[in-house]
1. Could you list, in sequence order, the residues of segment 96-116 that are within 19 Å of Asp213 (Cβ to Cβ) and either surrounded by fewer than 23 Cβ atoms within 10 Å (Cβ to Cβ) or touching a residue at least 60 places away in the same chain (Cβ under 8 Å) (or both)?
2. Working only within segment 157-196, note down all residues that are in contact with a helix residue (DSSP H, G or I) (Cβ under 9 Å, 6 or more places away or on another chain) and basic (Lys, Arg).
3. Going by what's in this entry, would Glu199 be described as surrounded by 17 or more Cβ atoms within 10 Å (Cβ to Cβ), within 22 Å of Arg160 (Cα to Cα) and more than 16 Å from the chain's Cα centre (by Cα)?
4. Please find, among Ser64, Ser101, Ser9, Ser69, the residue that is under 30 Å from Leu195 (Cβ atoms) and out of contact with any Lys or Arg (no Cβ under 6 Å at 6 or more places or on another chain).
5. Which one is nearest to Val284 (Cα to Cα), of the residues in segment 32-76 that are small (Gly, Ala, Ser) and touching an Asp or Glu at 6+ places or on another chain (Cβ under 6 Å)?
6. Based on this model, can you work out whether Ala46 counts as over 17 Å from Met257 (Cα atoms), among the small types (Gly, Ala, Ser) and either modelled with pLDDT of 95 or more or crowded, with 23+ Cβ neighbours inside 10 Å (or both)?
7. If Arg281 passes every condition in (1) surrounded by 15 or more Cβ atoms within 10 Å (Cβ to Cβ); (2) in contact with a strand residue (DSSP E or B) (Cβ under 9 Å, 6 or more places away or on another chain); (3) not in a strand (DSSP E or B) but one, which one does it miss?
8. Could you identify the single residue in Leu194, Leu132 that is modelled with pLDDT of 95 or more, closer than 23 Å to Asp52 by Cβ and aliphatic (A, V, I, L, M)?
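The values are calculated or read from the model by the stated rules, or taken from the named source; none is laboratory data. Everything numeric here is computed off the predicted structure, so don't read it as measured data. Glycine also receives a Cβ, built like all others from the backbone with ideal geometry; neighbour counts cover every protein chain displayed.
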Amino acid sequence: MNDDTAQDSQPWAWPEAEWRRRVQQVRAGRSLRPESWPRGNRCAVALSFDSDHDTNELRDGGRSIGRMSWGQYGNRVGVPRILALLKRSGIPATFFVPAVSALLYPEEQVRVIAEGHEIGLHGWIHELNSVLPAATERELHLRSADALTRVTGVRPVGMRTPSWDFSPATLAIQREMQLVYDSSLMADDDPYELLQDGEPTGIVELPVEWIRDDAVYFNMNRFQALRPYTPPAAVLDIFRREFDRAYEERGLFLLTMHPHVIGYRSRMFILEELIGHMRSRPGVWFATHRDVALHAKAQME
């Protein structure tokens, strides 16, 4: 075992410089929660949908026809139901789309853009960044941006890393791509600026959290010990309480959903009732991630 391997396998033996170096690679900088949201609103709501579709199976080299059909449900049923609800409610949202999903279902992405929503980067095939060489990760992000631009006619300005898997190289790649924001990390409830090795980057982080993600409550894999365990009504209660506290604190409520998860008949009521609850409160600004990030970025100045 060489010294580097020994050091990696024995964190208790690391010198202080090593654990500080690892911690400081990417950190939360100054808070960018504004004094007020546009038009004097007191709370921002950013709804997002990760359109993973078939890539949940493909990214691991899987061949399960059943699981790919589950992914197709997201395109065939989930996205149309979601878009119809957003249209009825007059609410914009952000869809994070792996490039392979966009290439499989280009008509979906064209419709999403045409109806006034945003499409953000979500990897090439929903790969895990932390297991890739930095050069490979960079090439996939650049290739993904080009593919989404060709399909939609709009170049993405934000990224959500697949599975929120953020490697030591990710932030440098995002800076090279001149992205406005990331939405993969969890250091706050409200927007903040990302630091790289202690230095401000100008990139806005719109933080996520597993609590505000539908997949952790409903995912199912019969080949693993993964079974849904939370009733839909309980998930609605969790999401509503998260919003209520964000509203009380005049902050951001960001929710992550998946068309192949939330889009079922017995689950869409969660989103329908949550939207109704949020719209009943005065001073709520519904916005895309891009618009929230641009408003937060103005706080840097």
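1. Looking only at segment 96-116, we keep the residues that are within 19 Å of Asp213 (Cβ to Cβ), and these are 96-98, 101.
Residues satisfying the conditions are Phe96, Pro98.
2. Across segment 157-196, the qualifying residue is only Arg160.
3. Working: surrounded by 17 or more Cβ atoms within 10 Å (Cβ to Cβ): no; within 22 Å of Arg160 (Cα to Cα): yes; more than 16 Å from the chain's Cα centre (by Cα): yes.
Considered against the rule, which asks whether it is surrounded by 17 or more Cβ atoms within 10 Å (Cβ to Cβ), within 22 Å of Arg160 (Cα to Cα) and more than 16 Å from the chain's Cα centre (by Cα), Glu199 comes out as no.
4. Working: Ser64 fails: under 30 Å from Leu195 (Cβ atoms); Ser101 fails: under 30 Å from Leu195 (Cβ atoms); Ser69 fails: under 30 Å from Leu195 (Cβ atoms).
Being under 30 Å from Leu195 (Cβ atoms) and out of contact with any Lys or Arg (no Cβ under 6 Å at 6 or more places or on another chain) holds for just one of Ser64, Ser101, Ser9, Ser69, which is Ser9.
5. Restricting attention to segment 32-76, the residues satisfying the condition of being small (Gly, Ala, Ser) are 36, 40, 44, 46, 48, 51, 61-62, 64, 66, 69, 71, 74.
Of the ones still in play, those that are also touching an Asp or Glu at 6+ places or on another chain (Cβ under 6 Å) are 64, 71.
Working: Ser64: 43, Gly71: 33 Å.
That would be Gly71.
6. Values: over 17 Å from Met257 (Cα atoms): no; among the small types (Gly, Ala, Ser): yes; either modelled with pLDDT of 95 or more or crowded, with 23+ Cβ neighbours inside 10 Å (or both): yes.
No, not satisfied.
7. Checking Arg281 against (1) surrounded by 15 or more Cβ atoms within 10 Å (Cβ to Cβ); (2) in contact with a strand residue (DSSP E or B) (Cβ under 9 Å, 6 or more places away or on another chain); (3) not in a strand (DSSP E or B), the one that fails is (1).
8. Values: Leu194 fails: closer than 23 Å to Asp52 by Cβ.
On inspection, the qualifying residue turns out to be Leu132.
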